[in-house]
1. Residues that are surrounded by 15 or more Cβ atoms within 10 Å (Cβ to Cβ), of a type in the set (V, I, T), touching a strand residue (DSSP E or B) at 6+ places or on another chain (Cβ under 8 Å) and modelled with pLDDT of 85 or more: does the range 93-102 have at least one?
2. Could you list, in sequence order, all residues of the range 58-90 that are free of Cβ contacts under 8 Å to residues at least 40 places away in the same chain and among the small types (G, A, S)?
3. If you check L144, L131, L121, L105, which single one turns out to be surrounded by 15 or more Cβ atoms within 10 Å (Cβ to Cβ), farther than 19 Å from E253 by Cβ and touching a residue at least 24 places away in the same chain (Cβ under 8 Å)?
4. Within the range 147-237, which strands (runs of 3 or more DSSP E) (wholly inside it) include 2 or more residues that are more than 17 Å from L254 (Cα to Cα) and among the aliphatic types (A, V, I, L, M)?
5. Of the residues that make up the range 205-217, is at least one touching an Asp or Glu at 6+ places or on another chain (Cβ under 6 Å) and among the polar types (S, T, N, Q)?
6. Against the condition open to solvent by 30 Å² or more (accessible area, probe 1.4 Å), hydrophobic (A, V, I, L, M, F, W, C), touching a helix residue (DSSP H, G or I) at 6+ places or on another chain (Cβ under 9 Å) and assigned to a helix (DSSP H, G or I), how does A275 come out, does it pass?
7. Return only the number of the condition from (1) more than 22 Å from S57 (Cα to Cα); (2) modelled with pLDDT under 95 that A181 does not satisfy.
8. So W246 clears everything in (1) open to solvent by 50 Å² or more (accessible area, probe 1.4 Å); (2) modelled with pLDDT of 90 or more; (3) in a loop (DSSP other than H, G, I, E, B) except one condition, right? Which one?
Amino acid sequence: MLDMDLLKAFVSVVDAGGFTRAGERVHRTQSTVSQQVRRLEDQLGHQLLNRDARGVSLTAEGERLLGYARRILALGAEARAALSGVAPARVVRLGIPDDFALAALTSVVAEFARSRPAVRLAVECGLSCDLDAGFARGELDVVLLKREPGSGPAVEAWPERLVWVCGAGFEPDEEVVSLAAFRQGCLYRNRAVHALERAGRAWRVAYECPSLIGIEAALAGGLGVTVLSDLALNPKLRELRTSDLWPAIPPTELALRAAGNACSASRELAGLIAAFCGREARAAA
């Protein structure tokens, strides 16, 4: 049997991004939370978290456990509420690509949360391939993701223009392209590699990171170039114009999906996000 307290400690560390902040959330010391996660790892016979000076990250086994842990904890809370006669809070689980967690979209989501005080909003940011897998497993109610155009059902979908990007003051090597790339499975990474291969250009992955913040820092530091949505451009980044050296990148698609059994709150949130994305698409056109 999996211990609920140990699962709660594990999920808290993942959500908080570290042991100290997790301890504050569950009202325990950092060392207590760390010991609880170690006990869970010992029980399962797998390391669940990578620990280093920069913080914590999920191992492959930890990633697989996370969805189960959330469902076990939610079911436990539902069982307690059912026996206490108190209706459990409705949870709406939203997935957003890491590079699309824009401040403007965050304000839309925050306004939804304020207007629905009885609803608890759980937001997951990550690569679209991971969000898509989570949605398929039933772990997300509403998901906004990047994908190949027309590759499945969607509430709505919008074309996404991709561009070559580097740091504002960086001049890329014309002989061998150094890529700052998201990890394997990322659609943008695949687009970049295929475009360079078609153009006959030599390339190498010089920097790999799962988050947009890390990619932006690498670009600003002159570690290479990458492919991003034009919406991700900012003063620290420079678009490399299409040429023989920087071939055009076929567009991808931003798609909004909602579970077939989504509750009214989930459908309302999907409608708000669709309206936001529609406005952004019209402004960029």
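The values are calculated or read from the model by the stated rules, or taken from the named source; none is laboratory data. Bear in mind that the values here come from a model prediction, so they are computed numbers and not experimental data. Backbone-built Cβ (ideal geometry, glycine too); neighbour counts: all protein chains shown. Side chains are part of the model used for accessible areas, which takes the heavy atoms of the whole protein and leaves out ligands, DNA and RNA. Shrake-Rupley method; radii C 1.70, N 1.55, O 1.52, S 1.80 Å.
1. Yes, the conditions are met somewhere in the range 93-102.
2. A60, A74, A77, A79, A81, A82, S84, G85, A87, A89
3. Numbers: L144 fails: farther than 19 Å from E253 by Cβ; L131 fails: farther than 19 Å from E253 by Cβ; L105 fails: farther than 19 Å from E253 by Cβ.
Result: L121 is the single residue among L144, L131, L121, L105 that is surrounded by 15 or more Cβ atoms within 10 Å (Cβ to Cβ), farther than 19 Å from E253 by Cβ and touching a residue at least 24 places away in the same chain (Cβ under 8 Å).
4. 176-181, 202-208
5. Among the residues of the range 205-217, at least one is touching an Asp or Glu at 6+ places or on another chain (Cβ under 6 Å) and among the polar types (S, T, N, Q), which makes the answer yes.
6. On the way: open to solvent by 30 Å² or more (accessible area, probe 1.4 Å): yes; hydrophobic (A, V, I, L, M, F, W, C): yes; touching a helix residue (DSSP H, G or I) at 6+ places or on another chain (Cβ under 9 Å): yes; assigned to a helix (DSSP H, G or I): yes.
Answer is yes for this residue.
7. The single condition A181 does not satisfy is (1).
8. Here W246 clears every test but (1).
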